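Colleague: Sharing a structure, written as structure tokens. Questions coming.
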Amino acid sequence: MGSINPQGGTRGGADIVGGGIGEGPGPDVMAAATLDGNKVMSADGEDVGKISDIMLDVRGGRIAYAVLSEGGFLGMGSKLHAIPWSALTLDTVEKCFRVDISAQGLKDDPGFDKDHWPSMADEAWGMSTHSYYNRQPYWQATKDVVESDPAIRPLEH
């Protein structure tokens with residue numbers, strides 16, 4: 001299958017597994033809105049919630065986090081978790097995301113509620129969140145690639 005990164009690896013992005021290819025541009029390039037509401041399965045096979053938002057690093061032009069909504073009824077009382085994009089795998093066969101953490105590990109993540117979002121641009125918060133999911137922060141994971149790859153490095157004037 002063709003890919004934006006033919007050398008392999010995801011350069012800090014989510015992995016993709018399965019052979020399922022539907023209509024449209026996916027699974028390598030997809031509209032964020034098509035991912036909202038997708039089920040998320042834990043590393044131990046439990047349904048732990050749904051994607052409620054995809055958070056973009058606007059200045060850096062990268063996906064920063066997927067926000068998982070866990071529990072609650074009709075959005076009331078649900079606990080939210082910012083999951084580093086690189087901790088997710090899109091399963092095209094099961095049409096869900098898989099997160100590389102156990103259901104209990106996710107429940108132990110303090111998360112936040114819909115009225116009290118963290119400052120996701122705060123580097124200390126981001127480092128802590130990425131560390132919890134055992135991932136390198138996205139801004140560090142892509143920095144070396146961008147700086148060393150002339151094909152994607154910004155043009156110098």
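Colleague: Tell me the net charge near W125. Cut-off is 15 Å between Cβ atoms, W125 excluded, with +1 for each Lys or Arg and -1 for each Asp or Glu.
Modeller: After counting each charged neighbour, the total is -3.
Colleague: Quick one: which residues, 5+ away or cross-chain, put their amide H under 5 Å from the amide H of C96? H built at 1.01 Å from N.
Modeller: Amide H to amide H, under 5 Å and 5 or more residues apart or across chains, C96 pairs with D91.
Colleague: Related question: Between S78 and residues 5 or more places away or on another chain, which pairs have amide H atoms under 5 Å apart, with H built 1.01 Å from N, and which residues are they?
Modeller: Those qualifying (amide H under 5 Å, at least 5 residues apart or on another chain) are F73.
Colleague: Continuing with this model, one more query. Mind giving me the FRET efficiency for V17 and D47? R0 is 22 Å, r the Cβ-Cβ distance, nearest 0.05 is fine.
Modeller: 0.80
Colleague: If you don't mind, another one. Taking 7 Å along the Cα-to-C-beta vector as the label spot, tell me the A32-S131 distance in nanometres, rounded to one decimal.
Modeller: 2.7
Colleague: Figure the gain on full extension for T92 and K107 (residue separation times 0.36 nm, minus the Cα-Cα span) and round it to one decimal in nm.
Modeller: Computed gain between T92 and K107 is 2.9 nm.
Since every read-out is calculated from the coordinates, none of them should be taken as a lab result. Small disclaimer: the values here were computed from a predicted structure and weren't measured. No Cβ is skipped: glycine too gets one built from the backbone with ideal geometry, and neighbour counts run over all protein chains shown.
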